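One structure is given here, and the rest of the page talks about it.
The values are calculated or read from the model by the stated rules, or taken from the named source; none is laboratory data. Source: prediction; values computed, not measured. Cβ placement follows ideal geometry from the backbone for every residue including glycine, while neighbour counts extend to all protein chains displayed. Surface accessibility is based on the protein's heavy atoms, side chains included, excluding ligands, DNA and RNA. Shrake-Rupley method; radii C 1.70, N 1.55, O 1.52, S 1.80 Å.
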Amino acid sequence: ARPSTALPAKPAPGLPWTEPLSGSCLVRATDHANQAPEGFARNDYSRRQAMNADNSLLLVSSMNGYWHVYDTAIYTHVGQLPGLAGDAEPQWSATEPNILYYLPNKGLGMKVLELDVRTGLSRTIGDLGARLKAKWPGASAAWTKSEGSPSADGRYWCFMVDDAGWGSVGVVTWDRVTDTLLGSLDTHGDRPDHVSMSPSGNHCVVSG
């Protein structure tokens, strides 16, 4: 007899259950019907690490474009993150559980910011604007187009650089620890679909 493909009723958050087809143990983390945010609460993308450094917090995106965190010990909504909206590309610190790195929406302004989720305070840790404009005078945005991630240790970042009309001018690698630009590539208008850093930090991966 073929196994049933009927889905079980949704379990309560935090209760482990066995998925019938694979036998995998799963735990439901969010419940947007009864907790904030409304609409949906989900991991944004496979290159966006969901859990923080000590697995105590879960990062989710919501239907209205804002970003939220959940407590993974009791599976409850902690709150909406201040300052992050849309394509902010948040990434957890690899070592500091309360630190998130993020960009202005769509990389406009060419900055990298750091948010302490305990205090809600942000600070700029990389202001790339003047340096990128010196190389490409029309530079306006530096981002991965929401599909990239830094190296596994969070040190090296690859950004695609666009002008005000979203035309491509180049690709650049940034070192978060030293706040230096390590290398660049002129794209001559050939815009990548997205960019990302390899987990090792040795390569900027340009997908186009």
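Of all the residues that make up region 49-65, how many are touching a residue at least 24 places away in the same chain (Cβ under 8 Å) and in contact with a Leu (Cβ under 7 Å, 6 or more places away or on another chain)?
1
Would you mention how many residues in region 150-164 are over 14 Å from the mean Cα position of the chain (by Cα), surrounded by fewer than 18 Cβ atoms within 10 Å (Cβ to Cβ) and either hydrophobic (A, V, I, L, M, F, W, C) or part of a strand (DSSP E or B) (or both)?
2
Pick out the one residue from Gly129, Gly170, Gly201 that is farther than 27 Å from Gly65 by Cα, open to solvent by less than 20 Å² (accessible area, probe 1.4 Å) and out of contact with any helix residue (DSSP H, G or I) (no Cβ under 8 Å at 6 or more places or on another chain).
Gly201
Restricted to region 80-98, and to residues that are without any contact (Cβ under 8 Å) to a residue 40 or more places away in the chain and open to solvent by less than 30 Å² (accessible area, probe 1.4 Å), which residue is nearest to Arg28 (Cα to Cα)?
This residue is Leu81.
For Asp31, only one of the following conditions fails: (1) assigned to a loop (DSSP other than H, G, I, E, B); (2) open to solvent by 50 Å² or more (accessible area, probe 1.4 Å); (3) of a type outside the set (Gly, Ala, Ser). What is its number?
Looking at each condition in turn, Asp31 falls short on (2).
Looking at the structure I just gave you, is Glu147 within 24 Å of Val69 (Cβ to Cβ), in a strand (DSSP E or B), open to solvent by 10 Å² or more (accessible area, probe 1.4 Å) and of a type in the set (D, E, K, R)?
In short, no.
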